[in-house]
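The values are calculated or read from the model by the stated rules, or taken from the named source; none is laboratory data. Small disclaimer: the values here were computed from a predicted structure and weren't measured. As a convention, Cβ positions derive from the backbone with ideal geometry for all residues, glycine included, and neighbour counts pool all protein chains shown. Protein only, heavy atoms only, side chains kept; ligands, DNA and RNA dropped before computing areas. Shrake-Rupley method; radii C 1.70, N 1.55, O 1.52, S 1.80 Å.
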Amino acid sequence: MNQEDVQKLSNAANAKITLLKNDFFKYFMRAIMAGFFIVVAMIFSNVVGNVFSGAEEPAWGKFLGALVFSIAVLLISLVGGELFTGNNLIMISVLQKKVTWLQMLKNWGMVFMGNFIGASFVAFMVVYAGIPELYGGVLGEKIVSAALFRVNQSFGEAFARGVLCNILVCIAVWAAFAAKKVSGKLLM
């Protein structure tokens, strides 16, 4: 763990708390946009995954779909969206006693709400536009199947998967932070 990168992440966390305090609307819009990016990437990922799912090697569809989903983290990183999972790195500043627990929890709550609003808006628009009917309804079936799988997990299983997912997103955010150029961020 590079101390310089830890300091950059800590400074970014402090800047998030300051922006939230000074310009709530701007910060909240960034949280909404991050939710928007996540759902757009999820839909695009499902489309790409379905295009290749009937191929001789359906694993390529899953691989390409996962690769395409990373567009969400890239957009959030480059555009400056506020994603709940990435904002968990504010814990670094809490542990350094530069941000209070209450400030972090307020941030998390506000970002979670913004992400939910952005994701819900896109989900509504996707359904209204009839996108799930693509590929003879196969796309919609895949989305419903994935949703049913998630809501039928036990709390413990869902929590563990969420923590593992959050770890991967934090690693991606950290790696993108360490990159000096946009090309490096893209690779991360």
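Within the stretch 60-72, being closer than 20 Å to VAL122 by Cβ and open to solvent by less than 40 Å² (accessible area, probe 1.4 Å) holds for GLY65, VAL68, ALA72.
A Cβ distance below 8 Å, combined with a sequence gap of six or more or placement on separate chains, defines the contacts here; from the stretch 4-21, residues that are hydroxyl-bearing (Ser, Thr, Tyr) reach residues that are in a helix (DSSP H, G or I) and crowded, with 17+ Cβ neighbours inside 10 Å in the pairs SER10/ILE92; SER10/SER93. Under the condition of being closer than 21 Å to VAL68 by Cα and open to solvent by 70 Å² or more (accessible area, probe 1.4 Å), the residues counted in the stretch 150-164 number 3.
Among residues of the stretch 173-188 that are open to solvent by 100 Å² or more (accessible area, probe 1.4 Å), those with a beta-carbon under 7 Å from a residue that is assigned to a loop (DSSP other than H, G, I, E, B) at least six positions away or on a different chain give the pairs MET188/ALA179. Within the stretch 92-135, being within 28 Å of VAL40 (Cβ to Cβ) and exposed (fewer than 12 other Cβ atoms within 10 Å of the Cβ) holds for GLY109, PHE124, TYR128, ALA129, GLY130. Is it the case, given these coordinates, that VAL138 is of a type in the set (Val, Ile, Thr) and open to solvent by less than 70 Å² (accessible area, probe 1.4 Å)? Judged against the criteria, VAL138 is a match. Residue under question is LYS21, and the condition is that it be open to solvent by 60 Å² or more (accessible area, probe 1.4 Å), in a helix (DSSP H, G or I) and at pLDDT 85 or above; does it hold? In short, yes. Against the condition open to solvent by 60 Å² or more (accessible area, probe 1.4 Å) and out of contact with any Asp or Glu (no Cβ under 6 Å at 6 or more places or on another chain), how does SER77 come out, does it pass? No.
Go through the residues of the stretch 122-137 one by one and say whether even a single one is in contact (Cβ under 8 Å) with a residue 40 or more places away in the chain, more than 23 Å from ILE32 (Cβ to Cβ) and more than 19 Å from the chain's Cα centre (by Cα). Yes: one or more hits.
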